[in-house]
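Below is one structure; the comments refer to it alone.
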Amino acid sequence: MNNIITKVEGETSFEIVIVTLDTNNVSSENFEAMSLKIAQTWAVGKHKKENGILIAISKGYRRLRIQNGNGIEKILTNNQTQNLIDNYFIPEFKKGNYYQGTLDGLNEIIKLLYKETTTNRR
């Protein structure tokens, strides 16, 4: 997945980060706050473009959170992001296939990012 993410950043400047949060490092109640804190602390996305996406996964808590930078929210609304989670990540997660679910979701996000990039170049 690192190679895919690196290629996307090189071609589009979008930054995507995937983190896994262990139950020893964060409580279930603080999962969303922790994912936001990581996105902000790591400054995911290019400065002034705010074009980063952080995908936080906790297998132990069976939780997934996608934090979109403000620049990404123009491309992926909250509803679209939830649709990606429900239709691309979760089906494989339910089967215990976390890698495949993450890859499926990542690939769909990338499709939407590339679509937006090529649409804006016209």
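Between region 78-98 and region 10-41, what is the C-alpha centre distance in whole Å?
Going from one Cα centre to the other spans 17 Å.
Under a no-solvent Debye model with one identical scatterer per Cα of region 1-71, what's log10 I(q)/I(0) at q = 0.11 Å⁻¹?
These q points yield log10 I(q)/I(0) values of -0.27.
Using a basic spin-label model with each label point 7 Å from the Cα along Cα→Cβ, how many nm lie between residue 36 and residue 114?
Label at residue 36, label at residue 114, 3.3 nm between them.
Using amide H atoms built in the peptide plane, which far-off residues or other-chain residues are under 5 Å from residue 20 H to H?
57
Placing +1 on the Cβ of each Lys and Arg and -1 on the Cβ of each Asp and Glu in the chain, which of 93, 24, 71 has its Cα farthest towards the positive end of the resulting dipole?
Farthest along the dipole direction, towards plus: 71.
Among 53, 113, 2, whose Cα projects farthest towards the positive end of the dipole of the chain, with charges put on the beta-carbon of Lys, Arg (+1) and Asp, Glu (-1)?
Ranked along the dipole, the leading option is 113.
Which ³J(HN,Hα) values, rounded to whole Hz and listed in residue order, are derived for region 69-85 from phi using the Karplus coefficients 6.51, -1.76 and 1.60 in 6.51 cos²θ - 1.76 cosθ + 1.60 with θ = phi - 60°, glycine and proline given as x?
x, 4, x, 6, 4, 6, 9, 10, 6, 4, 5, 5, 5, 4, 4, 4, 4
Which chymotrypsin sites (Phe, Trp or Tyr not before Pro) from region 14-113 combine a DSSP loop assignment with at most 10 other Cβ atoms within 10 Å?
none
Treating only the Cβ atoms of Lys and Arg (+1) and Asp and Glu (-1) as charged, compute the dipole magnitude of the chain about its Cα centre; round to the nearest 20 debye.
It works out to roughly 200 debye.
Using Cα atoms only, what is the angle between the long axis of helix 31-41 and the major principal axis of the chain, expressed in degrees (0 to 90) to the nearest 10?
Once rounded, the angle reads 40 degrees.
Please state, as a whole number in µm²/s, the translational diffusion coefficient that the Stokes-Einstein equation yields for the chain at 10 °C and 1.306 mPa s, with Rh defined as the Kirkwood radius across alpha carbon pairs.
Answer from the Stokes-Einstein relation: 108 µm²/s.
Return a whole-number percent for the relative contact order of region 2-121, with Cα pairs under 8 Å and 6 or more residues apart as the contact set.
20
Quick one: net charge of residue 96's neighbours, Cβ under 12 Å, K/R +1, D/E -1?
+3
Which one, 25, 51, 87, has the greatest fluctuation when you compute a Gaussian network model over the chain with C-alpha springs under 10 angstrom?
Fluctuation is largest for 25.
Readers should treat all values here as calculations from the given coordinates under stated rules, not as data from a laboratory. Because the structure is predicted, anything quoted here is derived from the model rather than measured. Don't worry about glycine lacking a Cβ; one is built from the backbone with ideal geometry, like all the others, and counts go over all protein chains shown.
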